[in-house]
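First up is the structure itself, then whatever we jot down about it.
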Amino acid sequence: MKYGKKLKSMLKDLGIAKVGYGYLGDILPESLKHLKTGISIAFRLSDQVIDDIHDGPTYSYFHHYRTVNFRLDQVMLSTVSKLQEWGYLAMPIAASQSINTDGNRYRGIFPHKTAATRAGIGWVGKSGCLVTDEYGPRVRLGTILTNMEVDYDKPIKESKCGKCTSCVKACPALAIRGGLWYPGIARKELVDARACSEHMSTYYKHVGRGSVCGICIKSCPQGNKVIKKAAKEV
Ligand code: SF4
Ligand code: SF4
């Protein structure tokens, strides 16, 4: 309990835009259940890099995507080190890693977005991206699992996408189905991950070996309002 505030402040100092604590004890696999606290961290992407995406990923976006993932991994490493120094168990979930244990190669060890919604960071948009009030989907996520006791943040249980269909219309792969997220909904109900992945590897091979796109992130009005506001203030 005593380190909750201190850790949040430490993470902000490391450049993390949003930090939340979520209870995950009821949804973790048996082998990880003792690490019931999920620390969700969100790194804010560059608005300019996202805004320069038009009909496909840019070289800058691919580099930015990889650099932010690397930064998240480094921040998670520092966090684990600190938690262990304080006497707790802690485990980082890789910022971007696909594992293939059951024939489904589009998921990691534990979903960052589940931790993020439990920790009050945002909701899952129709695009399948985590959407925040402040920066829309212009964030990337990391998760640390720990047995440290904390005051949990209020989980987000409802989508705020409403009637918006910007990402549905913008997706060149027709991969976004248009449904509203709720906790527990299967990812495939929101997005056809295979169609998305196949589109990227077919059309964007020349940028980032076909592993990024960014069009749905760019199209989201929740994120667009941020750059409009920033442009106005200059
Ligand atoms: S990343 Fe691109 S292809 Fe995939 S869902 Fe988003 S817009 Fe569609
Ligand atoms: S573009 Fe609209 S529907 Fe898609 S994630 Fe953003 S707010 Fe939700």
Going by the conditions given, is residue 229 more than 14 Å from ligand 2 (Cβ to nearest atom), out of contact with any Lys or Arg (no Cβ under 6 Å at 6 or more places or on another chain) and in a helix (DSSP H, G or I)? yes
The residue from 172, 183, 92, 137 that alone is more than 25 Å from residue 37 (Cα to Cα), of a type outside the set (Asp, Glu) and in contact (Cβ under 8 Å) with a residue 40 or more places away in the chain is 172
Test residue 38 against the criterion of being within 14 Å of the chain's Cα centre (by Cα) and at pLDDT 95 or above, and give yes or no. yes
Residue 95 being buried (at least 23 other Cβ atoms within 10 Å of the Cβ) and either polar (S, T, N, Q) or at pLDDT below 95 (or both): yes
Let me confirm something: among 80, 75, which residue is over 24 Å from residue 204 (Cβ atoms), in contact (Cβ under 8 Å) with a residue 12 or more places away in the chain and under 16 Å from the mean Cα position of the chain (by Cα)? 75
State all residues of the range 128-164 that are under 12 Å from residue 222 (Cα atoms) and either away from ligand 1 (no atom under 16 Å from the Cβ) or of a type in the set (S, T, N, Q) (or both); if no residue qualifies, say none. 132, 133, 134, 135, 160, 162
When the range 1-32 is checked residue by residue, the ones that are buried (at least 20 other Cβ atoms within 10 Å of the Cβ) and part of a loop (DSSP other than H, G, I, E, B) are 16, 24
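The values are calculated or read from the model by the stated rules, or taken from the named source; none is laboratory data. Computed from a predicted model, the values in this text were never measured in an experiment. Here Cβ is always computed from backbone atoms with ideal geometry, including for glycine, and neighbour counts include all displayed protein chains.
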